[in-house]
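Heads up, the thing below is written out as structure tokens.
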Amino acid sequence: DTEVTQTPKHLVMGMTNKKSLKCEQHMGHRAMYWYKQKAKKPPELMFVYSYEKLSINESVPSRFSPECPNSSLLNLHLHALQPEDSALYLCASSQEIHREQYFGPGTRLTVT
Amino acid sequence: GEDVEQSLFLSVREGDSSVINCTYTDSSSTYLYWYKQEPGAGLQLLTYIFSNMDMKQDQRLTVLLNKKDKHLSLRIADTQTGDSAIYFCAESIGNQFYFGTGTSLTVIP
């Protein structure tokens, strides 16, 4: 099973809302990632968790807050977003940090 | 390690071979990867090659690695309309992971 699941598939939120994106994998992978992707561009790394600890934070604004409740779950909490934060948010996991990554289908986020 | 370049577009006829190219600047890559992304979807890992290999074949896919020229290619044999997508190469160097700029492949029936 090489599946990474993400919910919701689509999300529309206002700039004052608080919402969360969820990601789950059951492959026993110890590294999990959040990426942001704009149309027709490569994914941009936001956060990396390794063994449930935040390993890399790529200077992401504090309105994005990651959380790793256990080795299978990864959340991204959103608060006071801007319209330019509208993008596809991708979750990925890998056996160890920066080995081959398996991606979820993404959450299409629109900030109004 | 951050400069991973690809041609933006490639068009081929159905049944022909496609060759997607990627150049990178850091010779200390550990692994090099090819991902496929269809519209509105996540990235699908197609194949990867360890940096001490020069070729890997997996069904219709052939990966060639020229370490001297820092050049990676993906050949898709007998290209089908379902192969139309954006293809990203990527390299891992230590704890870092760098994506290429992506090549949009269009298959003409």
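Data table
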item: Selection count where residues are charged (D, E, K, R) and more than 15 Å from the chain's Cα centre (by Cα), scope segment A:8-24; result: 1
item: Qualifying position, being more than 11 Å from chain A (Cβ to nearest Cβ), over 14 Å from the mean Cα position of the chain (by Cα) and free of Cβ contacts under 8 Å to residues at least 24 places away in the same chain, among B:52, B:95; result: B:52
item: From B:1, B:40, B:15, B:82, residue being at pLDDT below 95, among the small types (Gly, Ala, Ser) and loosely packed, with under 15 Cβ neighbours inside 10 Å; result: B:40
item: Yes/no for residue A:102 being touching a residue at least 24 places away in the same chain (Cβ under 8 Å), buried (at least 16 other Cβ atoms within 10 Å of the Cβ), over 11 Å from the mean Cα position of the chain (by Cα) and within 13 Å of chain B (Cβ to nearest Cβ); result: yes
item: Tally, over segment A:88-99, of residues that are at negative phi and either surrounded by 19 or more Cβ atoms within 10 Å (Cβ to Cβ) or hydrophobic (A, V, I, L, M, F, W, C) (or both); result: 8
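The values are calculated or read from the model by the stated rules, or taken from the named source; none is laboratory data. This is a predicted model, so every value here is computed, not measured. So basically every Cβ, Gly included, is an ideal-geometry build from the backbone, and we count neighbours across all protein chains shown.
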